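Shown next, in structure tokens, is the structure this report addresses.
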């Protein structure tokens, strides 16, 4: 019967731990870089807005408290004003669209969408855009919509 010295046993344990740590690191890097095809198609489960509308007047001043609706597939729905409620983006470090006169229309709705805007003291306005469907989510479209004074 042969015995392994305590120092040799310690060396073997360190070598095994180093090999395992290296393998885990290699798999982690390969996954993040897409070497195993895993990270290439990662989609988030959250729903993203279809359209951001920056509503302003002829002078470029934002118009708050307006009423915006959008038409998609013969259904008329309301947009909502984002205001200062930032932080609605899926991108890390991105606070998303926010501020006075900023509105969001639709959620994961692709295709032809028409936005209608009305506000006190202004003529009604509208704009149409085609929202494309990306690999995981819609591709966000931004509309700069100007309302003329009455």
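A short reminder: the numbers here are calculations on the coordinates, not readings from a lab. Because the structure is a prediction, the values reported are computed rather than measured. FYI the Cβ positions are ideal-geometry reconstructions off the backbone, even for glycines, and counts take in every protein chain you see.
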Point to revise | Computed lengthening from residue 148 to residue 59, 0.36 nm per intervening residue step minus Cα-Cα distance | key: 31.1 nm
Study note, to complete from the structure: All alpha-carbon distances of the stretch 49-146, grouped into 10 Å bins from 0, give the whole-percent distribution 16, 50, 29, 4, 0
Check your understanding: How many nm separate the modelled label positions at residue 108 and residue 45, each set 7 Å beyond the Cα in the direction of the Cβ?
Key -> 1.1 nm
